[in-house]
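This report refers to the structure that appears directly beneath it.
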Amino acid sequence: MSERTHRTQVAIIGGGPAGSLLSHLLRRHGVESVVLERRSRDYVLSRIRAGVLEHGSVQTLTEAGLGERLHREGFEHEGVYLAFGGRRLRIDFTALTGRSVTVYGQTEVQHDLYDAVEAHDGAIVFEAEDVALHDVDGDRPVVTYTKDGVEHRLEADWIAGCDGYHGPSRAAIPAHVLTTYERVYPFGWLGILSRTPPVSDELIYANHERGFALCSMRNENLSRYYVQAPLEDSPDDWSDDRFWSELVARLPQETTEKLVTGPSIEKSIAPLRSFVAEPMRYGRLLLAGDAAHIVPPTGAKGLNLAMSDVVYLWRALVDHYASGTTTGLDEYSATALRRVWKAVRFSWWMTTVMHRFPDTDAFDFQLQQAELELLEDLEVARANLAENYVGLPI
(Lines give C-alpha, C1' and ligand atoms only; values in the text may rest on other atoms or scores of the structure.)
Protein backbone atom coordinates (compact mmCIF):
# COMPACT_ATOMS: atom_id res chain seq x y z
CA MET A 1 0.00 0.00 0.00
CA SER A 2 1.06 3.59 -0.54
CA GLU A 3 1.33 5.84 2.52
CA ARG A 4 0.16 9.41 2.77
CA THR A 5 1.56 11.77 5.40
CA HIS A 6 -0.43 14.63 6.94
CA ARG A 7 0.39 17.19 9.58
CA THR A 8 -1.81 18.90 12.19
CA GLN A 9 -1.45 20.53 15.57
CA VAL A 10 -3.85 18.25 17.47
CA ALA A 11 -4.79 14.74 16.37
CA ILE A 12 -8.12 13.79 17.95
CA ILE A 13 -8.95 10.09 18.21
CA GLY A 14 -12.72 9.61 18.36
CA GLY A 15 -15.47 11.60 16.68
CA GLY A 16 -18.12 11.38 19.37
CA PRO A 17 -19.22 14.37 21.46
CA ALA A 18 -15.86 14.82 23.22
CA GLY A 19 -13.73 14.67 20.09
CA SER A 20 -15.97 16.76 17.86
CA LEU A 21 -16.54 19.38 20.59
CA LEU A 22 -12.80 19.68 21.16
CA SER A 23 -12.20 20.11 17.42
CA HIS A 24 -14.92 22.77 17.20
CA LEU A 25 -13.60 24.75 20.18
CA LEU A 26 -10.00 24.59 18.95
CA ARG A 27 -10.96 25.81 15.48
CA ARG A 28 -12.75 28.81 16.95
CA HIS A 29 -9.45 29.79 18.55
CA GLY A 30 -7.20 29.16 15.59
CA VAL A 31 -5.83 25.74 16.51
CA GLU A 32 -5.85 23.06 13.80
CA SER A 33 -7.02 19.52 14.40
CA VAL A 34 -7.93 16.32 12.57
CA VAL A 35 -10.55 13.96 14.02
CA LEU A 36 -10.32 10.22 13.35
CA GLU A 37 -13.54 8.24 13.87
CA ARG A 38 -13.62 4.50 13.23
CA ARG A 39 -17.38 4.40 12.60
CA SER A 40 -19.47 6.03 9.89
CA ARG A 41 -21.21 9.35 10.45
CA ASP A 42 -24.63 7.67 10.34
CA TYR A 43 -23.58 5.07 12.90
CA VAL A 44 -22.40 7.68 15.39
CA LEU A 45 -25.62 9.65 14.96
CA SER A 46 -27.76 6.53 15.49
CA ARG A 47 -26.46 5.88 19.01
CA ILE A 48 -29.07 6.57 21.70
CA ARG A 49 -27.22 7.74 24.77
CA ALA A 50 -27.43 10.36 27.52
CA GLY A 51 -30.11 12.99 27.57
CA VAL A 52 -29.47 15.32 30.55
CA LEU A 53 -27.11 18.29 30.20
CA GLU A 54 -25.73 20.03 33.26
CA HIS A 55 -25.98 23.81 33.54
CA GLY A 56 -22.26 24.12 32.72
CA SER A 57 -22.58 21.92 29.64
CA VAL A 58 -25.41 24.09 28.32
CA GLN A 59 -23.27 27.18 28.93
CA THR A 60 -20.32 25.60 27.13
CA LEU A 61 -22.38 24.68 24.07
CA THR A 62 -24.10 28.07 24.00
CA GLU A 63 -20.84 30.02 24.23
CA ALA A 64 -19.44 27.81 21.47
CA GLY A 65 -22.22 28.94 19.13
CA LEU A 66 -24.14 25.66 19.43
CA GLY A 67 -27.07 26.81 21.51
CA GLU A 68 -29.73 27.80 18.98
CA ARG A 69 -31.45 24.44 18.53
CA LEU A 70 -30.57 23.36 22.07
CA HIS A 71 -32.51 26.28 23.56
CA ARG A 72 -35.35 25.93 21.04
CA GLU A 73 -35.91 22.17 21.32
CA GLY A 74 -34.37 21.21 24.66
CA PHE A 75 -36.45 20.92 27.81
CA GLU A 76 -35.25 22.91 30.79
CA HIS A 77 -35.85 20.99 34.02
CA GLU A 78 -35.83 22.91 37.28
CA GLY A 79 -36.02 19.82 39.45
CA VAL A 80 -36.20 16.05 39.68
CA TYR A 81 -38.41 13.59 41.58
CA LEU A 82 -37.28 10.80 43.88
CA ALA A 83 -39.96 8.14 44.44
CA PHE A 84 -39.82 5.86 47.47
CA GLY A 85 -42.21 4.49 50.06
CA GLY A 86 -45.15 5.01 47.69
CA ARG A 87 -44.61 8.79 47.45
CA ARG A 88 -42.58 11.35 45.53
CA LEU A 89 -40.13 13.99 46.74
CA ARG A 90 -39.22 16.87 44.42
CA ILE A 91 -35.68 18.24 44.51
CA ASP A 92 -36.08 21.87 43.42
CA PHE A 93 -32.85 22.73 41.60
CA THR A 94 -33.72 26.35 40.95
CA ALA A 95 -34.69 27.12 44.54
CA LEU A 96 -31.67 25.28 45.95
CA THR A 97 -28.96 26.30 43.48
CA GLY A 98 -30.33 28.96 41.13
CA ARG A 99 -29.52 26.63 38.22
CA SER A 100 -31.24 23.96 36.15
CA VAL A 101 -30.52 21.09 33.75
CA THR A 102 -31.69 20.61 30.18
CA VAL A 103 -32.99 17.41 28.58
CA TYR A 104 -31.45 17.31 25.10
CA GLY A 105 -30.29 13.97 23.77
CA GLN A 106 -26.66 13.17 23.01
CA THR A 107 -27.72 12.38 19.44
CA GLU A 108 -28.97 15.96 19.06
CA VAL A 109 -25.74 17.36 20.52
CA GLN A 110 -23.82 15.22 18.05
CA HIS A 111 -25.90 16.49 15.12
CA ASP A 112 -25.17 20.09 16.13
CA LEU A 113 -21.47 19.40 16.49
CA TYR A 114 -21.11 17.64 13.15
CA ASP A 115 -23.07 20.38 11.39
CA ALA A 116 -20.81 23.04 12.94
CA VAL A 117 -17.54 21.24 12.19
CA GLU A 118 -18.52 20.43 8.62
CA ALA A 119 -19.85 23.95 7.97
CA HIS A 120 -16.33 25.24 8.57
CA ASP A 121 -14.54 22.50 6.63
CA GLY A 122 -13.40 20.78 9.79
CA ALA A 123 -11.41 17.64 9.18
CA ILE A 124 -13.26 14.53 10.35
CA VAL A 125 -12.13 11.23 8.86
CA PHE A 126 -14.91 8.68 9.26
CA GLU A 127 -14.31 4.93 9.00
CA ALA A 128 -10.65 5.32 9.90
CA GLU A 129 -9.47 1.77 10.49
CA ASP A 130 -6.49 0.26 12.32
CA VAL A 131 -5.80 3.46 14.27
CA ALA A 132 -2.52 3.22 16.19
CA LEU A 133 -0.60 5.73 18.30
CA HIS A 134 3.20 6.00 18.16
CA ASP A 135 5.89 7.86 20.11
CA VAL A 136 3.38 9.50 22.45
CA ASP A 137 6.11 9.96 25.05
CA GLY A 138 8.31 11.92 22.62
CA ASP A 139 8.15 15.38 21.06
CA ARG A 140 6.67 14.24 17.73
CA PRO A 141 3.80 11.80 18.24
CA VAL A 142 2.26 10.07 15.24
CA VAL A 143 -1.07 8.40 14.53
CA THR A 144 -1.36 5.86 11.73
CA TYR A 145 -4.60 4.64 10.23
CA THR A 146 -6.09 3.10 7.09
CA LYS A 147 -8.81 4.73 5.01
CA ASP A 148 -10.22 3.13 1.86
CA GLY A 149 -7.27 0.80 1.64
CA VAL A 150 -4.68 3.56 1.88
CA GLU A 151 -2.33 3.86 4.85
CA HIS A 152 -2.09 7.32 6.39
CA ARG A 153 0.42 8.85 8.77
CA LEU A 154 -0.79 11.82 10.83
CA GLU A 155 1.93 13.82 12.56
CA ALA A 156 0.85 16.09 15.40
CA ASP A 157 2.06 18.16 18.33
CA TRP A 158 -0.49 16.56 20.66
CA ILE A 159 -2.89 13.62 20.60
CA ALA A 160 -6.28 13.83 22.32
CA GLY A 161 -7.69 10.40 23.11
CA CYS A 162 -11.47 10.81 22.97
CA ASP A 163 -12.15 7.29 21.69
CA GLY A 164 -14.06 5.75 24.56
CA TYR A 165 -13.47 2.85 26.87
CA HIS A 166 -12.48 0.35 24.13
CA GLY A 167 -10.38 2.71 21.97
CA PRO A 168 -6.61 2.48 21.39
CA SER A 169 -5.64 5.70 23.20
CA ARG A 170 -5.62 4.51 26.82
CA ALA A 171 -3.91 1.30 25.68
CA ALA A 172 -0.99 3.43 24.41
CA ILE A 173 -0.09 4.32 28.01
CA PRO A 174 2.34 1.74 29.47
CA ALA A 175 0.83 -0.53 32.11
CA HIS A 176 3.41 0.49 34.72
CA VAL A 177 2.34 4.14 34.31
CA LEU A 178 -1.43 3.61 34.38
CA THR A 179 -3.49 3.01 37.50
CA THR A 180 -7.12 1.98 37.07
CA TYR A 181 -9.98 1.85 39.58
CA GLU A 182 -13.17 -0.06 38.91
CA ARG A 183 -16.47 -0.98 40.52
CA VAL A 184 -18.74 -3.29 38.50
CA TYR A 185 -22.36 -3.27 39.64
CA PRO A 186 -24.24 -6.60 39.78
CA PHE A 187 -27.22 -5.48 37.68
CA GLY A 188 -28.09 -3.59 34.52
CA TRP A 189 -30.64 -1.14 33.21
CA LEU A 190 -33.27 -2.49 30.86
CA GLY A 191 -34.37 0.51 28.83
CA ILE A 192 -37.08 1.05 26.26
CA LEU A 193 -37.97 3.93 23.97
CA SER A 194 -41.63 4.45 23.15
CA ARG A 195 -43.59 6.99 21.12
CA THR A 196 -45.72 8.00 24.08
CA PRO A 197 -46.00 11.24 26.06
CA PRO A 198 -43.77 11.27 29.17
CA VAL A 199 -45.48 10.37 32.43
CA SER A 200 -43.94 13.40 34.12
CA ASP A 201 -42.63 16.81 33.16
CA GLU A 202 -39.44 16.01 35.11
CA LEU A 203 -37.40 12.84 35.62
CA ILE A 204 -38.51 10.35 38.26
CA TYR A 205 -35.94 8.14 40.02
CA ALA A 206 -37.67 5.33 41.90
CA ASN A 207 -36.38 3.19 44.76
CA HIS A 208 -38.50 0.09 45.32
CA GLU A 209 -38.19 -3.33 46.94
CA ARG A 210 -38.43 -4.85 43.45
CA GLY A 211 -35.57 -2.67 42.19
CA PHE A 212 -34.81 0.69 40.65
CA ALA A 213 -36.84 2.43 37.92
CA LEU A 214 -36.42 5.67 35.97
CA CYS A 215 -38.89 7.70 33.96
CA SER A 216 -37.21 9.98 31.45
CA MET A 217 -37.98 11.50 28.05
CA ARG A 218 -36.51 12.67 24.76
CA ASN A 219 -39.31 15.00 23.68
CA GLU A 220 -43.05 15.61 24.13
CA ASN A 221 -43.93 12.38 22.29
CA LEU A 222 -40.88 10.20 22.95
CA SER A 223 -40.36 8.60 26.36
CA ARG A 224 -37.42 6.70 27.79
CA TYR A 225 -38.05 4.28 30.68
CA TYR A 226 -35.73 1.96 32.60
CA VAL A 227 -36.02 -0.81 35.16
CA GLN A 228 -33.21 -2.50 37.02
CA ALA A 229 -32.72 -6.03 35.65
CA PRO A 230 -30.31 -8.95 36.15
CA LEU A 231 -27.18 -8.80 33.99
CA GLU A 232 -27.84 -12.26 32.63
CA ASP A 233 -31.18 -11.16 31.19
CA SER A 234 -31.58 -10.42 27.50
CA PRO A 235 -33.94 -7.83 26.00
CA ASP A 236 -35.68 -10.80 24.36
CA ASP A 237 -36.64 -12.00 27.83
CA TRP A 238 -38.73 -8.88 28.31
CA SER A 239 -41.90 -8.49 26.32
CA ASP A 240 -43.41 -5.01 26.26
CA ASP A 241 -46.22 -6.20 28.54
CA ARG A 242 -43.73 -7.57 31.07
CA PHE A 243 -41.75 -4.33 31.03
CA TRP A 244 -44.77 -2.07 31.55
CA SER A 245 -46.09 -4.29 34.35
CA GLU A 246 -42.75 -4.16 36.14
CA LEU A 247 -42.44 -0.41 35.70
CA VAL A 248 -45.93 0.14 37.12
CA ALA A 249 -45.12 -2.05 40.12
CA ARG A 250 -42.12 0.15 41.02
CA LEU A 251 -43.79 3.57 40.73
CA PRO A 252 -46.15 5.41 43.10
CA GLN A 253 -49.83 5.19 42.20
CA GLU A 254 -50.06 8.93 41.54
CA THR A 255 -47.53 8.38 38.74
CA THR A 256 -48.91 5.18 37.25
CA GLU A 257 -52.35 6.73 36.89
CA LYS A 258 -50.84 9.09 34.28
CA LEU A 259 -48.69 6.51 32.50
CA VAL A 260 -49.37 6.01 28.77
CA THR A 261 -47.97 2.73 27.47
CA GLY A 262 -47.27 1.65 23.91
CA PRO A 263 -45.05 -0.52 21.70
CA SER A 264 -41.33 -0.17 22.30
CA ILE A 265 -39.28 1.09 19.34
CA GLU A 266 -35.94 0.27 20.95
CA LYS A 267 -35.01 -2.03 23.82
CA SER A 268 -31.63 -2.79 25.37
CA ILE A 269 -29.85 -3.74 28.58
CA ALA A 270 -26.86 -1.68 29.71
CA PRO A 271 -24.40 -2.85 32.39
CA LEU A 272 -23.32 -0.37 35.07
CA ARG A 273 -19.76 0.31 36.17
CA SER A 274 -17.56 2.97 37.70
CA PHE A 275 -14.09 3.22 36.15
CA VAL A 276 -11.27 5.75 36.40
CA ALA A 277 -7.84 5.67 34.77
CA GLU A 278 -4.98 7.81 36.07
CA PRO A 279 -3.13 9.80 34.83
CA MET A 280 -5.12 11.41 32.03
CA ARG A 281 -1.91 12.65 30.41
CA TYR A 282 1.13 10.69 29.32
CA GLY A 283 3.73 12.55 27.30
CA ARG A 284 1.92 14.16 24.37
CA LEU A 285 -1.22 12.03 24.83
CA LEU A 286 -4.20 13.49 26.72
CA LEU A 287 -7.26 11.40 27.53
CA ALA A 288 -10.79 12.80 27.71
CA GLY A 289 -14.25 11.34 28.27
CA ASP A 290 -14.91 7.61 28.39
CA ALA A 291 -11.31 6.83 27.45
CA ALA A 292 -10.44 7.89 31.00
CA HIS A 293 -13.57 7.27 33.04
CA ILE A 294 -16.98 5.60 33.08
CA VAL A 295 -19.81 6.32 35.50
CA PRO A 296 -23.14 4.56 35.96
CA PRO A 297 -25.93 6.59 34.35
CA THR A 298 -27.77 7.11 37.64
CA GLY A 299 -26.28 10.56 38.19
CA ALA A 300 -26.46 11.70 34.53
CA LYS A 301 -22.73 12.47 34.51
CA GLY A 302 -21.15 10.59 31.58
CA LEU A 303 -21.61 13.08 28.73
CA ASN A 304 -21.20 16.02 31.08
CA LEU A 305 -17.87 14.73 32.41
CA ALA A 306 -16.63 14.37 28.83
CA MET A 307 -17.58 17.99 28.16
CA SER A 308 -15.81 19.27 31.29
CA ASP A 309 -12.66 17.34 30.29
CA VAL A 310 -12.83 18.97 26.88
CA VAL A 311 -13.18 22.45 28.40
CA TYR A 312 -10.06 21.95 30.53
CA LEU A 313 -8.16 20.50 27.58
CA TRP A 314 -9.28 23.16 25.10
CA ARG A 315 -8.27 25.97 27.46
CA ALA A 316 -4.88 24.39 28.06
CA LEU A 317 -4.15 23.85 24.35
CA VAL A 318 -5.27 27.33 23.32
CA ASP A 319 -3.16 28.85 26.10
CA HIS A 320 -0.19 26.77 24.96
CA TYR A 321 -0.41 27.90 21.34
CA ALA A 322 -1.10 31.52 22.32
CA SER A 323 1.69 31.96 24.86
CA GLY A 324 3.94 28.90 24.64
CA THR A 325 3.20 27.87 28.23
CA THR A 326 2.60 24.24 29.14
CA THR A 327 1.21 24.99 32.61
CA GLY A 328 -2.38 24.12 31.72
CA LEU A 329 -1.32 20.95 29.93
CA ASP A 330 0.94 19.95 32.82
CA GLU A 331 -1.95 20.42 35.25
CA TYR A 332 -4.66 18.96 32.98
CA SER A 333 -4.76 15.47 34.47
CA ALA A 334 -4.87 16.58 38.10
CA THR A 335 -7.44 19.30 37.36
CA ALA A 336 -9.75 17.00 35.42
CA LEU A 337 -9.44 14.12 37.89
CA ARG A 338 -10.50 16.27 40.84
CA ARG A 339 -13.82 16.87 39.13
CA VAL A 340 -14.04 13.30 37.82
CA TRP A 341 -13.74 11.74 41.27
CA LYS A 342 -16.44 14.01 42.69
CA ALA A 343 -18.78 12.97 39.88
CA VAL A 344 -17.85 9.31 40.38
CA ARG A 345 -18.70 9.69 44.08
CA PHE A 346 -22.09 11.23 43.32
CA SER A 347 -22.96 8.60 40.71
CA TRP A 348 -21.90 5.83 43.09
CA TRP A 349 -24.03 7.37 45.87
CA MET A 350 -27.10 7.68 43.66
CA THR A 351 -26.64 4.11 42.44
CA THR A 352 -26.17 2.74 45.95
CA VAL A 353 -29.18 4.53 47.41
CA MET A 354 -31.63 3.89 44.57
CA HIS A 355 -30.92 0.26 43.57
CA ARG A 356 -31.55 -3.09 45.17
CA PHE A 357 -28.34 -5.13 45.29
CA PRO A 358 -28.40 -8.95 45.29
CA ASP A 359 -27.31 -8.99 48.94
CA THR A 360 -29.69 -6.22 50.04
CA ASP A 361 -31.60 -7.41 53.09
CA ALA A 362 -34.31 -5.76 55.16
CA PHE A 363 -31.71 -3.83 57.18
CA ASP A 364 -30.06 -2.41 54.04
CA PHE A 365 -33.41 -1.45 52.55
CA GLN A 366 -34.39 0.44 55.70
CA LEU A 367 -31.08 2.31 55.58
CA GLN A 368 -31.89 3.36 52.02
CA GLN A 369 -35.27 4.64 53.17
CA ALA A 370 -33.64 6.56 56.01
CA GLU A 371 -31.18 8.13 53.57
CA LEU A 372 -34.03 9.23 51.33
CA GLU A 373 -36.09 10.50 54.27
CA LEU A 374 -33.14 12.69 55.29
CA LEU A 375 -33.62 14.44 51.95
CA GLU A 376 -37.22 15.07 52.95
CA ASP A 377 -36.21 16.46 56.32
CA LEU A 378 -33.06 18.47 55.61
CA GLU A 379 -32.74 21.26 53.08
CA VAL A 380 -28.95 20.99 53.28
CA ALA A 381 -29.21 17.37 52.09
CA ARG A 382 -31.44 18.37 49.19
CA ALA A 383 -29.07 21.22 48.35
CA ASN A 384 -26.11 18.82 48.25
CA LEU A 385 -27.94 16.53 45.82
CA ALA A 386 -29.06 19.48 43.69
CA GLU A 387 -25.57 21.03 43.49
CA ASN A 388 -24.08 17.77 42.29
CA TYR A 389 -26.88 17.00 39.86
CA VAL A 390 -26.88 20.40 38.09
CA GLY A 391 -23.11 20.16 37.92
CA LEU A 392 -20.08 21.28 39.91
CA PRO A 393 -18.11 24.26 38.56
CA ILE A 394 -15.86 23.62 35.58
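The values are calculated or read from the model by the stated rules, or taken from the named source; none is laboratory data. A quick note: this is a predicted structure, and the numbers were derived from the prediction, not measured. Methodologically, a virtual Cβ is constructed for each residue, glycine included, from the backbone with ideal geometry; neighbour enumeration extends over all protein chains shown. These area figures cover heavy atoms from the full protein model, side chains too; ligands, DNA and RNA do not enter into them. Shrake-Rupley method; radii C 1.70, N 1.55, O 1.52, S 1.80 Å.
Per-structure values
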read-out: Selection count, segment 42-64, where residues are under 22 Å from Arg28 (Cα atoms) and of a type in the set (Lys, Arg); value: 0
read-out: Qualifying position, being modelled with pLDDT under 95, open to solvent by 40 Å² or more (accessible area, probe 1.4 Å) and either of a type in the set (Val, Ile, Thr) or under 23 Å from Ser347 (Cα atoms) (or both), among Arg218, Arg224; value: Arg218
read-out: Condition check for Arg69: over 30 Å from Ser223 (Cβ atoms) and either open to solvent by 50 Å² or more (accessible area, probe 1.4 Å) or part of a helix (DSSP H, G or I) (or both); value: no
read-out: Subset of segment 113-149 that is open to solvent by less than 80 Å² (accessible area, probe 1.4 Å) and in a loop (DSSP other than H, G, I, E, B) - its residue that is nearest to Gly65 (Cα to Cα); value: Gly122
read-out: Number of the exception - His293 against (1) more than 30 Å from His208 (Cα to Cα); (2) free of Cβ contacts under 8 Å to residues at least 60 places away in the same chain; (3) crowded, with 23+ Cβ neighbours inside 10 Å; value: (1)
read-out: Yes/no for His77 being free of Cβ contacts under 8 Å to residues at least 24 places away in the same chain, within 24 Å of Thr351 (Cα to Cα) and either surrounded by 16 or more Cβ atoms within 10 Å (Cβ to Cβ) or within 24 Å of the chain's Cα centre (by Cα) (or both); value: no
read-out: Verdict on Asn388 being part of a helix (DSSP H, G or I), of a type in the set (S, T, N, Q), under 26 Å from Leu53 (Cα atoms) and in contact (Cβ under 8 Å) with a residue 12 or more places away in the chain; value: yes
read-out: Test for Thr261: is it crowded, with 17+ Cβ neighbours inside 10 Å, polar (S, T, N, Q) and farther than 30 Å from Thr179 by Cα; value: yes
read-out: Count of residues meeting criterion [farther than 18 Å from Pro296 by Cα, at pLDDT 95 or above and outside any helix (DSSP H, G or I)] in segment 338-379; value: 1
read-out: Per-region count, segment 282-310, residues assigned to a strand (DSSP E or B) and among the polar types (S, T, N, Q); value: 0
read-out: Hey, Phe243 open to solvent by less than 40 Å² (accessible area, probe 1.4 Å) and over 30 Å from His176 (Cβ atoms) or not; value: yes
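Every residue, every condition in (1) surrounded by fewer than 23 Cβ atoms within 10 Å (Cβ to Cβ); (2) without any contact (Cβ under 8 Å) to a residue 12 or more places away in the chain; (3) in contact with a Phe, Trp or Tyr (Cβ under 9 Å, 6 or more places away or on another chain), yes or no:
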site	(1), (2), (3)
Arg273	yes, no, yes
Val276	yes, no, yes
Asn304	no, no, no
Tyr321	yes, no, no
Thr325	yes, yes, no
Leu329	yes, no, yes
Phe346	yes, no, yes
